[in-house]
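Peer 1: Could you have a look at this structure, given as structure tokens, before my questions?
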Amino acid sequence: MVENQDSEFRIEHDTMGEVRVPKHALYAAQTQRAVENFPISGQGLEDRQVIALAQVKRAAAIVNEKLGIIDEGRSKAIVAAAEEIISGQHLDQFPIDVYQTGSGTSSNMNTNEVLAHLATASLGEQVHPNDHVNASQSSNDVFPTSVHVAVTGALLEDLVPALTRLAEAFEAKAELWKDVVKSGRTHLMDATPVTLGQEFSGYARQIRLGIARVQSTIERVAEVPLGGTATGTGINTPKGFSEQVIAELASNTGLPLTEAEDHFEAQGARDGLVEASGALRTIAVSLVKINNDLRWMGSGPNTGLGELRLPDLQPGSSIMPGKVNPVVPEAVLMVCSRIIGNDAAIAFGGASGAFELNVQIPLMGTALLESIRLLANASVVLAEKTVEGLEANEERARQLAESSPSIVTPLNRVIGYEAAAKVAKHAVAEKVTVRQAVIDLGFVERGEITEEQLDEQLDVLKMTSPNL
């Protein structure tokens, strides 16, 4: 390294020659080349993955020292440097764009260079980014491992708790509103009654199933390729390195990480990430349905369904005074759109492997971590700012249920389907209740049904469960 005291830059070198690097940057030549080569999106890796890269390097330094690959001093210096990054320091020293070399080599070298710089400064002798920090490793096993570590942590520590919070919010409302009758709607048309609690129990179950889908992917997402080095063969690693480094990584992170059963599958394919993204896509699809239902039931205040009162969070219009909109459900719908879009990118990225390496790993990892982060945050916001504050307009809901022509359905057993259809059509045409339509059409007068039977059959709450 050559430093000019009067310059904002210093001169670093790599195997391709000299490079000007910002004077106070912790990284070196290869990082700077990547910064200059990929001015594409302005978006770097997710912080969680940068931390995962440091966790991998920490584990590798410990095991490399145990196996005699690097000396104790360098090992401890690398570990200390890695722990600074793991604690959230120096994250601004990882400036490389997501859209870079498909193996993530640039970001792996960024990590190697930053750790080497910090370790050299603390040790007082050179720690080399390749020879020491990257010992027994390749970008081809380190970078995908960091993605899987980051995704496993994000799923278990962020997403599952957030979805659980949302499921519990729906379950609480399902219990609260178990006897609140409302009109069922199929095809957006009037149908037989349900309870508001039944609808919310359905939402809760959708989220619970989403949690189960996420959890079912963990075993495969947590299977990592570390130790396979360049092509899965483990070239340039000492015997036992893969097993020991993954055990150290699992112990340090507290995650259920395991060594890949087949390193060639684990480096040539990223199917575990595709599977996890598919689980998120399914949850997003569920949330689109749920949030659209909430918007419909909360529509109004005067010309909509008005069965629910959504919390008033902010003014809704710059021109219409007093208007309030369902802002959180709309925000969640946009999150769902992004997750579904990310899933398409992840699926295409997963199909982009060739022989021993997938070459869209930075995109896949960043998109998946973004989806997890967005879904976790949106789930908490939806629970806190909408679901928990929902109020039922019980009178309005029951009024709509009782005005539905489909409540004629129990009369099928008394006056027959065709006669019941005439009742329904009369009720709609004359804008009267089903009860009044039965009377108007002479069914009571002819003795085909009594008024007491009519009242019993038209009890809308009884219609919300098996009633024969």
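What follows draws every value from the coordinates through simple rules; no lab data is involved. Just so it is clear, the model here is predicted, and its values are computed rather than measured. Neighbour counts are summed over all protein chains in view; Cβ atoms, including those assigned to glycine, are modelled from backbone coordinates with ideal geometry.
Peer 1: If you take log10 I(q)/I(0) by the Debye sum over Cα atoms at q = 0.08, 0.10, 0.11, 0.13 Å⁻¹ from the coordinates, which of (i) -0.62, -0.80, -0.89, -1.09; (ii) -0.57, -0.86, -1.01, -1.29; (iii) -0.69, -1.04, -1.20, -1.43 do you get?
Peer 2: Correct label, based on the coordinates given: (i).
Peer 1: Let me ask you something else. Using the Karplus curve 6.51 cos²θ - 1.76 cosθ + 1.60 with θ = phi - 60°, what ³J(HN,Hα) values do you get for each residue of the range 431-440, in whole Hz, with x for Gly and Pro?
Peer 2: Here the 3J(HN,Hα) series is 6, 10, 6, 4, 4, 5, 5, 4, 5, 4 Hz.
Peer 1: Which pairs break 28 Å Cα to Cα here: Lys289/Lys323; Lys323/Lys431; Lys182/Lys289; Lys57/Lys239; Lys289/Lys425; Lys178/Lys323?
Peer 2: Values: Lys289/Lys323 24 Å; Lys323/Lys431 31 Å; Lys182/Lys289 18 Å; Lys57/Lys239 18 Å; Lys289/Lys425 30 Å; Lys178/Lys323 31 Å.
Result: Lys323/Lys431; Lys289/Lys425; Lys178/Lys323 exceed 28 Å.
Peer 1: How large is the Kirkwood hydrodynamic radius of the range 404-464, counting all unique pairs of alpha carbons, in Å?
Peer 2: Working: mean 1/r = 0.0891 Å⁻¹.
By the Kirkwood definition, the hydrodynamic radius is 11.2 Å.
Peer 1: How much net charge surrounds Gly88 when only other residues with a Cβ under 12 Å from its Cβ are counted (Lys, Arg +1; Asp, Glu -1)? Before the final figure, lay out the partial values.
Peer 2: On the way: positive: Arg48; negative: Asp47, Glu83, Glu84, Asp92.
Summing Lys/Arg as +1 and Asp/Glu as -1 gives -3.
Peer 1: I've got another one for you. Just to verify a number: FRET efficiency for Leu188 and Arg220, C-beta to C-beta distance, R0 = 60 Å, to 0.05? Mind showing how you got there, number by number?
Peer 2: Numbers: r = 39 Å, r/R0 = 0.66.
Once the sixth-power term is evaluated, E becomes 0.95.
Peer 1: Now for a different question. Please compute the length gained on full extension between Glu157 and Ser465, using 0.36 nm multiplied by the number of residues separating them and subtracting their Cα-Cα distance. Provide the component values of the computation, followed by the final result.
Peer 2: On the way: separation 308, 0.36 × 308 = 110.88 nm, distance 3.90 nm.
Length gained between Glu157 and Ser465: 107.0 nm.
Peer 1: Considering only the other residues whose Cβ falls under 15 Å of the Cβ of Lys76, what net charge follows from Lys and Arg at +1 and Asp and Glu at -1?
Peer 2: Details: positive: Lys57, Arg58, Lys66, Arg74; negative: Glu65, Asp71, Glu72, Glu83, Glu84, Glu125, Glu248.
Summing Lys and Arg as +1 and Asp and Glu as -1 gives -3.
Peer 1: To continue, here is another question. Find how much the distance from Met334 to Ser87 grows on full extension, using 0.36 nm per residue of separation minus their present alpha carbon separation; answer in nm with one decimal. Could the numbers behind the result be given before it?
Peer 2: On the way: separation 247, 0.36 × 247 = 88.92 nm, distance 3.20 nm.
Going from the current span to full extension adds 85.7 nm.
Peer 1: With a/c under 1.5 counting as rounded, go ahead and sort the range 2-135 into rounded, prolate or oblate using the C-alpha gyration tensor (a ≥ b ≥ c being the square roots of the eigenvalues; past the cut-off, prolate if a/b is larger than b/c, else oblate). All intermediate terms of the calculation are to be shown ahead of the outcome.
Peer 2: Values: a/c = 1.74, a/b = 1.26, b/c = 1.38.
Oblate.
Peer 1: Per the helix-only calculation at 222 nm, which mean residue ellipticity applies to the chain, given -39500 (n - 2.57) for every DSSP H run of n ≥ 4 and division by its residues, nearest 500 deg cm²/dmol?
Peer 2: Value at 222 nm, helices only: -18000 deg cm²/dmol.
Peer 1: For the range 385-435 and the range 159-202, what is the separation of their Cα centres, given in Å?
Peer 2: 19 Å
Peer 1: Computed FRET efficiency, Cβ-Cβ of Glu72 and Ala212, R0 41 Å: what is it to the nearest 0.05?
Peer 2: Values: r = 46 Å, r/R0 = 1.12.
Once rounded, the FRET efficiency stands at 0.35.
Peer 1: Right, next: Along the Cα→Cβ direction, 7 angstrom out, place labels at Thr164 and Asp131. What is the inter-label distance in nm?
Peer 2: Taking the two extended label points, one gets 4.9 nm.
Peer 1: Expected output is a single nm value to one decimal: the length gained when fully extending between Val324 and Ala351, i.e. 0.36 nm times separation in residues minus the C-alpha distance. What is it?
Peer 2: Values: separation 27, 0.36 × 27 = 9.72 nm, distance 4.46 nm.
Residue separation times 0.36 nm, minus the Cα-Cα distance, leaves 5.3 nm.
Peer 1: How large are Rg and Dmax for the range 141-395 when calculated on the C-alpha trace, in angstrom?
Peer 2: Radius of gyration, then largest Cα-Cα span, for the range 141-395: 22.1, 74 Å.
Peer 1: Hey, rough spin-label estimate for Arg413 and Glu452, points 7 angstrom out along Cα→Cβ, what's it come to in nanometres?
Peer 2: 1.8 nm
Peer 1: May I ask you to evaluate 6.51 cos²θ - 1.76 cosθ + 1.60, the Karplus curve with θ = phi - 60°, for each residue of the range 9-18 and list the ³J(HN,Hα) values in order in whole Hz, giving x for glycine and proline?
Peer 2: My calculation for the range 9-18 gives 10, 10, 9, 10, 9, 9, 5, 9, x, 8 Hz in order.
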